[in-house]
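Shown next, in structure tokens, is the structure this report addresses.
The values are calculated or read from the model by the stated rules, or taken from the named source; none is laboratory data. Computed from a prediction, not measured in an experiment: that's the story for all the values here. FYI the Cβ positions are ideal-geometry reconstructions off the backbone, even for glycines, and counts take in every protein chain you see.
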Amino acid sequence: MSCLICQSINCSVIRGTLRNDIKRDVLQCNDCSFVFLRVLPEGTKAYYEQETYRKKHGPDLTKESTCQDVFDTYFPFQGTIIKSMGDLLKPETKVLDVGCSTGHFLAALEGKVGTRVGVELSQDEVQYCQKTHNFPVYGESIETVNIPEGPFDIVTSFQVVEHVDNPVEFLMNLGKHMKDDGTLYIELPNLDDVLLSLYDIPEYADFYYREPHLSYFSKKTLEDLVDKAGFEGVVGNVQRYNIFNHLQWQMNGSPQNNFTIGNRETFLEENNNPATAKFNQFFKRMDEEYKALVEKNFLGESLTFTGKKK
Ligand SMILES: [Zn+2]
């Protein structure tokens, strides 16, 4: 198998199992260090179109999630992402979100930008969006979709690049929907995630490598990818899961049950005890300091790229 980034055939198997003990090789390119799953002969498009995908990989590990569950889980946390995008979002801005899932990011942009459009392959999510939101969502592949609202000032794609068969072609296709001076903003998992790299927790590695994630990027290989796809800009990293999620992994070798617990900023339920607010302030300070330390060392769970076409 050859490397998708540098085409080298000098690749080694670094592990043989994925989450849920699925047997599949994880390979690493010995020339550029890119990490990826061995490609399945039948390809991956059908895998996402099947309706069990979201049920198996939803935000709650203990139960199957409906589209409404997914929306309700992620929507409250979009403010942090929007804040981190800063001045990119203006009242006249046209935004395209590719792999928009239940439209939670675009819905959170209501009143903040001019035009919002989504693209999504999962047909139950497309139907959910069309029923729920007041912006168009196209249920077609980015390679073939025709979007009359384009070209766009900003194209975003959150936790999608790691799922696609060919990340170079995928980013080039995103570029086709951008204005010449438009901005690309993407987020994807960081291979240097502190739980995997610095803490080196075996149970986390068993959880981290998973069937839907075909590619695993570090800062270096993401820089190689965007360069190859014709973009220039800045790779950053973010830590959004809280310190309690990391302590849980460190002490018990297991995840918390759902996304909301792992990302919440208030640790004790509000009650009549006057001490509660003081403890919550302490935990919040500790959590903020921890996340800043993680990000300063480029060990946050996600990488970001903000850039333009060369
Ligand atoms: Zn390579």
Worksheet item: Which condition number in (1) crowded, with 17+ Cβ neighbours inside 10 Å; (2) under 30 Å from V168 (Cα atoms); (3) touching a Gly at 6+ places or on another chain (Cβ under 8 Å); (4) among the basic types (K, R) is the one that K308 fails?
Response: (1)
Fill in: Condition broken by V168, with the remaining ones in (1) of a type in the set (A, V, I, L, M); (2) in a loop (DSSP other than H, G, I, E, B); (3) at pLDDT 95 or above satisfied
(2)
Discussion item. Restricting to region 206-220, give me the number of residues that are among the polar types (S, T, N, Q), in contact with a helix residue (DSSP H, G or I) (Cβ under 7 Å, 6 or more places away or on another chain) and part of a loop (DSSP other than H, G, I, E, B).
Written reply: 0
Worksheet, complete the sentence: Inside region 1-38, the number of residues satisfying the requirement of being in contact with a Phe, Trp or Tyr (Cβ under 6 Å, 6 or more places away or on another chain) and either farther than 14 Å from S215 by Cα or of a type in the set (K, R) (or both) is 1
Worksheet item: What residue, among those in region 244-278 that are assigned to a helix (DSSP H, G or I) and modelled with pLDDT under 90, is nearest to D60 (Cα to Cα)?
Response: F259
Practice prompt. Go through region 165-178 residue by residue and tally those that are of a type in the set (S, T, N, Q) and crowded, with 17+ Cβ neighbours inside 10 Å.
Written response: 1
Discussion item. Restricting to region 1-27, and then to whatever is near the ligand (Cβ under 9 Å from one of its atoms) and within 21 Å of the chain's Cα centre (by Cα), can you tell me which residue is modelled with the highest pLDDT?
Written reply: I5
Fill in: Which listed residue is within 16 Å of the ligand (Cβ to nearest atom) and assigned to a helix (DSSP H, G or I), from E203, E223, E289
E223
Worksheet item: Can you pull out the residues in region 28-41 that are assigned to a strand (DSSP E or B) and away from the ligand (no atom under 13 Å from the Cβ)?
Response: L37
Worksheet entry | Filtered residue count, region 196-229, keeping only those that are over 16 Å from Q28 (Cα atoms), in contact with a Phe, Trp or Tyr (Cβ under 8 Å, 6 or more places away or on another chain) and without any contact (Cβ under 8 Å) to a residue 60 or more places away in the chain | 4
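Somewhere in region 147-161, is a residue under 20 Å from C3 (Cβ atoms) and assigned by TED's automatic domain parsing to the domain that holds G103?
Checking region 147-161: at least one residue is under 20 Å from C3 (Cβ atoms) and assigned by TED's automatic domain parsing to the domain that holds G103.
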Worksheet entry | All strands (runs of 3 or more DSSP E) inside region 81-164 with 2 or more residues being surrounded by fewer than 17 Cβ atoms within 10 Å (Cβ to Cβ) | none
Worksheet item: Can you tell me which residues in region 265-294 are buried (at least 16 other Cβ atoms within 10 Å of the Cβ) and not hydroxyl-bearing (S, T, Y)?
Response: F267, N280, F283, D287, K291, V294
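Can you pull out the residues in region 179-200 that are crowded, with 16+ Cβ neighbours inside 10 Å and not in a loop (DSSP other than H, G, I, E, B)?
Of everything in region 179-200, those that are crowded, with 16+ Cβ neighbours inside 10 Å and not in a loop (DSSP other than H, G, I, E, B) turn out to be G182, T183, L184, Y185, I186, E187, L188, P189, N190.
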Item to complete: Report yes if some residue within region 207-216 is more than 19 Å from the chain's Cα centre (by Cα) and more than 16 Å from the ligand (Cβ to nearest atom); otherwise report no.
Response: no
